[in-house]
Amino acid sequence: MVKLTYLGEFGLIERLSRLCPCSNAVIKGIGDDTAVLRSPVKKQLLLTTDMLVENVHFTRKTKGFLIGRKALACNISDIAAMGGIPKSAVVSLGISGREDSRFVDEVYRGIGALAKEFKVDIVGGDTVKTHQLIINIALTGEASMRDIVYRSGAKVGDKIFVTGELGNSLKSGHHLTFTPRLAESQFLVKKYPPHSMIDISDGLIADLGHILKQSKVGACLYEDQIPLRKGARVADAFKDGEDFELLFTLPPDKASLLRRQKKFNMTEIGEIVPAAQGYFLMDDNGRKESLNTSTGYQHF
C-alpha cells in the first residue's frame, strides 16, 4: 500500500492497467492516445456516459469496490435500456491524491468484476487531481437496428411494465449492489419487442414522464400493481430513484404473452392513454390523482 502522491499519475495508470485485461475485440487498449477497437459488422454503435460524485452518488464511507461497480453498472443499465449489448469503456477518475493505492485498487476491482461479468473491455481513461472523488465512465455498446428501443415509441393502448421492485433503493443499499437488467432487455427485444423503454434512475414518475413527453402520449398507473421493495411505499417508488429497473411499454397482444412467462420478474403497472387524458394514478376504487413529471430526483 502506497500513497498516490508517491506513485504519481503515470505510475497509477500503469498500476490500474494491470487490473483491466481486454478481449481480442481490442486492438490497442490502455497506454496510447486513444484505444483502437474492432468495428462491429452490421451493427449500430451505442455510446453512453455517467458521472458519479462523492456526497451525491456515494459517500467516502462507501467501499471502493461498490463505488467502482456502481459506476460501470449505471452505464450498462443505459445500454440495456436501448436494447443493446455493452462492449468497451473508458474510465476517468478524479482524486485528491491523499488516498492510498489500496482504495483506488478496490475501485478498479469493482469495475473489473462487473466488466468481467458483462464482458466489457476497459480500454482507457484519465486521472486528474480533484477536491472530492469523481468517477466518470463512458461505455460503448452495439445493437442491430431492429433491436434498438427508443423512449419515443409508446403508443396509445400499450401496457406499461417494469422489471423487479421499486423504492427504498438508498436505505436498502440496492443503489450500490443492483444488477443491470441486460438479460431482461435481451429477452424482451428478441421475444417481445417493446415500443419504448427507459431505465429508472430518477424515480418512476419522472422517468415514465420522459417516455410520455417524447412519445406525445399520456398514462394511467395502477396504484395497487406497483411492485415495491421491502420497506418502500408507493411514494418512494415515485420519487426515490436509483432503482435501475427497466420501464417499458408493449402492445396488448405482446403484453398478454409476456404475462405468462416465468423466467423474469416483470409487472404490468399501467396503460398508455391519449395525451389529452393526461398523466394520472388510479387507486383500487377507481379514483384518479394527477401526476407531475417533476416528481423525482433532479440535480438542479
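Descriptive notes on the structure:
- Candidates V189, V162 - the one that is in contact with an Asp or Glu (Cβ under 6 Å, 6 or more places away or on another chain), among the aliphatic types (A, V, I, L, M), in a helix (DSSP H, G or I) and closer than 28 Å to P274 by Cα: V189
- In segment 55-76, of all residues being at pLDDT 95 or above and out of contact with any helix residue (DSSP H, G or I) (no Cβ under 8 Å at 6 or more places or on another chain), the one that is surrounded by the fewest Cβ atoms within 10 Å (Cβ to Cβ) corresponds to C74.
- From the list R109, R146, the one residue that fits, being farther than 29 Å from S215 by Cβ and not polar (S, T, N, Q), is R109.
- Residue in segment 70-88 that is more than 21 Å from I198 (Cβ to Cβ), in contact with a Leu (Cβ under 8 Å, 6 or more places away or on another chain) and either among the hydrophobic types (A, V, I, L, M, F, W, C) or assigned to a helix (DSSP H, G or I) (or both) present: no
- Search result, residues across segment 171-217 that are free of Cβ contacts under 8 Å to residues at least 24 places away in the same chain and buried (at least 22 other Cβ atoms within 10 Å of the Cβ): none
- Boolean, I211 is more than 23 Å from M51 (Cβ to Cβ), outside the structural domain of C74 (by TED's automatic domain parsing), within 18 Å of the chain's Cα centre (by Cα) and of a type outside the set (S, T, Y): yes
- Applying the condition of being part of a strand (DSSP E or B) and not hydroxyl-bearing (S, T, Y) to segment 240-261 and asking which residue is farthest from L182 (Cα to Cα) yields L250.
- E117 free of Cβ contacts under 8 Å to residues at least 24 places away in the same chain and not small (G, A, S): yes
Listed here are the residues, each with its yes/no results for (1) more than 23 Å from G167 (Cα to Cα); (2) out of contact with any strand residue (DSSP E or B) (no Cβ under 7 Å at 6 or more places or on another chain); (3) of a type in the set (A, V, I, L, M); (4) at pLDDT below 95.
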position	(1), (2), (3), (4)
L208	no, no, yes, no
R229	no, no, no, no
E245	no, no, no, no
P252	yes, no, no, no
L257	yes, yes, yes, no
F264	no, no, no, no
G270	no, no, no, no
G286	yes, yes, no, yes
G296	no, yes, no, yes
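- Single residue of segment 100-110 satisfying the filter (within 15 Å of V90 (Cα to Cα) and without any contact (Cβ under 8 Å) to a residue 60 or more places away in the chain) that is surrounded by the fewest Cβ atoms within 10 Å (Cβ to Cβ): G110
- When A237, A232 are checked against the criterion of being assigned by TED's automatic domain parsing to the domain that holds G167, assigned to a helix (DSSP H, G or I), in contact (Cβ under 8 Å) with a residue 24 or more places away in the chain and small (G, A, S), a single residue qualifies: A237.
- So T163, is it under 17 Å from the mean Cα position of the chain (by Cα), assigned by TED's automatic domain parsing to the domain that holds D236, among the β-branched types (V, I, T) and farther than 21 Å from A235 by Cβ: no
- Candidates D224, D236, D284, D253: the one that is crowded, with 17+ Cβ neighbours inside 10 Å and of a type in the set (D, E) is D236.
- Within segment 128-150, being surrounded by fewer than 20 Cβ atoms within 10 Å (Cβ to Cβ), out of contact with any Lys or Arg (no Cβ under 7 Å at 6 or more places or on another chain) and not in a strand (DSSP E or B) holds for T130, H131, Q132, M145, R146, D147, I148, Y150.
The values are calculated or read from the model by the stated rules, or taken from the named source; none is laboratory data. What you are looking at is a predicted structure, and each value in this text was computed from that prediction instead of being measured. When we count neighbours, we look across all protein chains shown, and the Cβ atoms used for this are built from the backbone with ideal geometry, even at glycine.
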